[in-house]
1. When a footprinting reagent is the concern and you count Cβ atoms within 10 Å, what order do I228, I21 take, fewest first?
2. Using Cα atoms only, what is the angle between the long axis of helix 220-233 and the major principal axis of the chain, expressed in degrees (0 to 90) to the nearest 10?
3. How many percent of DSSP beta bridges within the chain run antiparallel, rounded to 5?
4. In straight Cα distance, which aspartates and glutamates are under 19 Å from K137, not counting same-chain residues fewer than 8 positions off?
5. Taking the Cα atoms only, what angle lies between the long axis of helix 12-22 and the longest principal axis of the chain, rounded to 10 degrees?
6. For the stretch 2-154, calculate the relative contact order in percent as a whole number, restricting contacts to Cα pairs under 8 Å that are 6 or more residues apart.
7. Which shape class applies to the chain: rounded if a/c is under 1.5, otherwise prolate when a/b exceeds b/c and oblate if not, where a ≥ b ≥ c are the square roots of the Cα gyration tensor eigenvalues?
8. State the extension gain, in nm to one decimal, for the chain segment bounded by E325 and Q212, taking 0.36 nm per residue of separation less the distance between their alpha-carbons.
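No lab work stands behind these numbers, since they all come straight from the coordinates. Being a predicted model, the structure only gives us computed values, none of them experimental. Please note: Cβ atoms are built from the backbone with ideal geometry, for glycine as well, and neighbour counts cover all protein chains shown.
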Amino acid sequence: MRSEPDVAKLPKELTLILQFINDNKRLIQKEQLQDVDWNYFLELAIHHRLFPLLHKQIRNYKNNIIPGYVCQTLEKQYKFNVFRMLQLSGEMEQLSKLLLSQNINSIFIKGPVIAHDLYGDISLRTSSDLDFLVELKNLEKVEIILKQLGYVKKEFISSVLNDWKWRHSNVIYFDPVKDVKVEIHWRLHPGPGKEPSFNELWQRSRVSNLTQSIVHFLGKEDLFLFLISHGARHGYCRLRWLYDIHRFMQQDDINWEKLDQLIKTHQNRVVIGLAGILTSKIFATKLPENMDKFVASTKAQRLATNTLFYLEDMINVHEEPPVEEVSRYHSKYLFSLMSMPQKMLFILSFLYPYAEDAATLPLPKSLHFLYFPLRPMLWAWRKTKKQALS
């Protein structure tokens with residue numbers, strides 16, 4: 001028996017936002033706006049990054065049934081986002097042009113190119129930073145270029161035995177003058193996990209017509225799988241990620257034969273079904289027939305119900321400091337997304353030394369190989385110490 005997520009559990013204000021966005025051909029009546037907490041309405045619209053779409057729809061309301069300050073706040077946020085997206089577009093074009101001049105291929109995986117490709121208008125989608133993918137062998141060259149442009153490394157990855165190459169996926173740089181954050185990726189997602197090689201992605205990449213200079217971004221099917229895997233990894237705690245998939249599914253030039261092969265290779269059937277179920281329930285997406293076999297999955301249906309945890313309140317899985325309840329739930333959720341081979345690989349990865357092992361027992365680099373046999377004991381020592389402190 002099919003068990004679908006009960007979206008009736010969503011906050012009234014979030015349901016109203018979805019009505020404005022989904023029912024854009026049918027005006028919402030004044031009676032539907034009784035007892036709305038408009039401050040919470042605005043908080044949710046900004047949290048889920050849906051305010052550009054909401055602003056576009058609310059402009060149709062001329063009968064003052066929505067408080068003036070709500071419309072003004074949405075308009076202010078919308079205008080700020082327009083300038084931000086134009087700024088990011090210019091920075092993206094400059095970076096791509098500079099990297100190509102140094103014979104470094106790059107593929108932009110988020111940002112203005114995605115907004116232009118899915119929405120046809122960069123003002124209708126938000127982006128907080130620029131993310132681009134390069135070959136691992138070019139990472140050091142790219143970091144040097146960013147530093148020469150005035151970017152500063154925002155965080156440093158603690159690592160032992162080069163585990164950063166597969167455990168992590170990106171490094172963050174920030175330009176304090178331009179107030180622009182850039183993430184350089186050498187993987188699409190954190191490991192462990194099987195991914196297409198850079199050369200595969202490059203061969204399937206497309207050239208955006210948003211800019212005058214050449215900017216490469218992910219091929220259609222690769223972008224679809226990236227959006228779905230990225231959104232699922234974050235629990236779709238921001239509905240903008242899910243709306244991207246809704247927009248994608250409205251396109252009629254998806255090569256499903258190629259997509260099916262990629263799904264089979266990279267074992268992400270469940271997250272495909274999860275995205276299909278959520279978009280159809282939340283954004284009333286008309287799913288293509290090719291999605292039927294994925295959304296019929298019992299596991300995908302169960303995961304869709306579990307995902308409501310992130311939507312029933314304004315959950316941010318990257319909140320600092322982390323909320324213990326959210327962290328525990330999210331860890332279990334991420335594990336439940338994996339296929340059996342992925343779970344086995346994930347469990348085996350715990351046998352590979354962590355940076356914490358080197359911090360617990362510092363050894364000369366020439367003896368780092370000893371962390372492999374010592375890891376169980378070092379882990380047990382930290383666990384015992386933590387429990388004793390508690």
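1. Result, fewest neighbours first: I21, I228.
2. Tilt relative to the chain: about 80 degrees.
3. If I count the DSSP bridges inside the chain, around 70 percent turn out antiparallel.
4. Here the aspartates and glutamates satisfying the reach criterion relative to K137 are D163, E183, E195, E200.
5. Tilt of helix 12-22: around 80 degrees.
6. Reported relative contact order: 18 percent.
7. prolate
8. Separation in residues times 0.36 nm, less the Cα-Cα distance, equals 35.9 nm.
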